[in-house]
1. Is it fair to say G259 is assigned to a helix (DSSP H, G or I), at pLDDT 95 or above and closer than 30 Å to P330 by Cα?
2. Only one of these conditions is not met by D162: (1) under 21 Å from the mean Cα position of the chain (by Cα); (2) open to solvent by 40 Å² or more (accessible area, probe 1.4 Å); (3) within 22 Å of H113 (Cα to Cα); (4) not small (G, A, S). Which number is it?
3. Can you find even one residue in the stretch 199-216 that is in contact (Cβ under 8 Å) with a residue 40 or more places away in the chain, within 26 Å of W339 (Cα to Cα) and away from the ligand (no atom under 13 Å from the Cβ)?
4. Against the definition (surrounded by fewer than 24 Cβ atoms within 10 Å (Cβ to Cβ), within 20 Å of M258 (Cβ to Cβ) and more than 14 Å from the ligand (Cβ to nearest atom)), how does R59 come out, yes or no?
5. Do the conditions hold for A286, that is, is it small (G, A, S), open to solvent by less than 10 Å² (accessible area, probe 1.4 Å) and within 16 Å of the ligand (Cβ to nearest atom)?
6. Looking at V70, is it open to solvent by 40 Å² or more (accessible area, probe 1.4 Å) and in contact with a Gly (Cβ under 9 Å, 6 or more places away or on another chain)?
7. Among the residues of the stretch 36-56, what is the count of those that are open to solvent by 20 Å² or more (accessible area, probe 1.4 Å), of a type outside the set (D, E, K, R) and touching a residue at least 40 places away in the same chain (Cβ under 8 Å)?
8. Return the residues of the stretch 43-85 that are under 28 Å from L233 (Cβ atoms) and β-branched (V, I, T); say none if nothing qualifies.
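The values are calculated or read from the model by the stated rules, or taken from the named source; none is laboratory data. None of the values given here were measured: they were computed from a predicted structure. Here the Cβ positions follow ideal geometry from the backbone for every residue, glycine too, while neighbour counts run over all protein chains shown. The area values use the complete protein model at the heavy-atom level, side chains included, leaving out ligands, DNA and RNA. Shrake-Rupley method; radii C 1.70, N 1.55, O 1.52, S 1.80 Å.
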Amino acid sequence: MGMNSLIVVGAGYAGALAAHRAASRGLEVTLVNEGDALVDRIRLHEVIAGTRAPERARRSLASMPVRLIVGRADHVGDGVVRLSSGETVAADHLLLATGSTGGVGSWSWAQTHRRAVEALGAGASVRVLGAGLTGIETVTELAGSRSDLRLGLVDPRGVGADLSDPARDYLDAVLDRLRVEFCTALADRPADHIIDCTGFTTDTLARDSGLSVDDRGRILVGDDLRVPGHDRLWACGDAAAVEGQPFLRWACASAGPMGAHAADNIVRASHGRPTEPVNIGFVAKALSLGRRDGLLDWAGRDDTPKGHVWSGRKAAYAKELVCRFAVAAPLRWPRSYRWMKGPHD
Ligand SMILES: Cc1cc2nc3c(=O)[nH]c(=O)nc-3n(C[C@H](O)[C@H](O)[C@H](O)COP(=O)(O)OP(=O)(O)OC[C@H]3O[C@@H](n4cnc5c(N)ncnc54)[C@H](O)[C@@H]3O)c2cc1C
């Protein structure tokens, strides 16, 4: 490989966009991913509920102008990746975009629950643990496709703890209408099947490679997404904790912009130009509530709820557009991709 080469580990929304954007700006890119497809994770609750066929939640990476290596990276150093096959790959720069597929929200998590739900007969009970965004989307999607099941949602913090009051009021009414029973503890409420939506976990690669991580296993990076003390090592997406920007939550809404910004900074660095601090803002939290209902909880750029919501079909349509954009960006529009700037802009 020449002087302008890059290895990206992880082909989620962040890694796929970074790899494609960097390649379109002249870098020679190798993409290492556990599978040969981008898993459209924000559709996995649809897969569990049977409203989306599993193959429609996997997007082929074959058309990307990169060298794709399907395999697991089990150790990284400056510019070098060792695969579990024993092979090593080297490049001038290395970008870690290993995401948060350590358990909840992974492809195998969705397949396990899809098969279990499919096997349940009428009248069986399903409890969804965790009433954050993933749990709410999962239980409402199930209510739409399997009205024969008895559904429950469990969370000691209440429903949608990070949402605004009007958003929570709307959700209470929706859960009531869909006959989803909410409770704060699982005890004394046996269920035929339990779906854990209590939070994502990071891959162990960074920790196993001796990199500094936060208490959630995210790689600590400076505001230009470079790992401090390692000139050629970068991280983005759910795998990265950015210095001074705690509002960047685990979301494809931040993973995409971080991937694009990482690619731009690596291109700058490879041309000897100064890097720039990442600058990302939010607009809303967008939820699907089954196929015909949705909720947009509008937020400031720092993700603080404004207390204003969109709901119903209009919000369902807006959420559908968000989902389509999330996969179109890395696969079709990597070069022209733009994003909302942050609260300090
Ligand atoms: C049901 C559900 C609904 C969601 N809805 C929304 C939503 O509406 N809006 C929103 O903003 N976010 C949503 N999210 C969260 C969003 O999906 C994640 O935040 C996002 O996927 C993170 O993107 P990423 O590119 O950082 O990592 P990921 O998408 O996690 O991708 C990481 C990739 O790296 C690969 N990988 C990991 N370790 C290795 C290794 N050692 N070697 C090789 N490859 C490796 C993985 O296999 C994976 O392909 C949702 C998640 C779920 C599960």
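1. yes
2. (3)
3. no
4. When the stated conditions are applied, R59 does not pass them.
5. Judged against the criteria, A286 is not a match.
6. Criteria met by V70.
7. Within the stretch 36-56, residues that are open to solvent by 20 Å² or more (accessible area, probe 1.4 Å), of a type outside the set (D, E, K, R) and touching a residue at least 40 places away in the same chain (Cβ under 8 Å) number 5.
8. V66, I69, V70, V76, V80, V81, listed by residue number.
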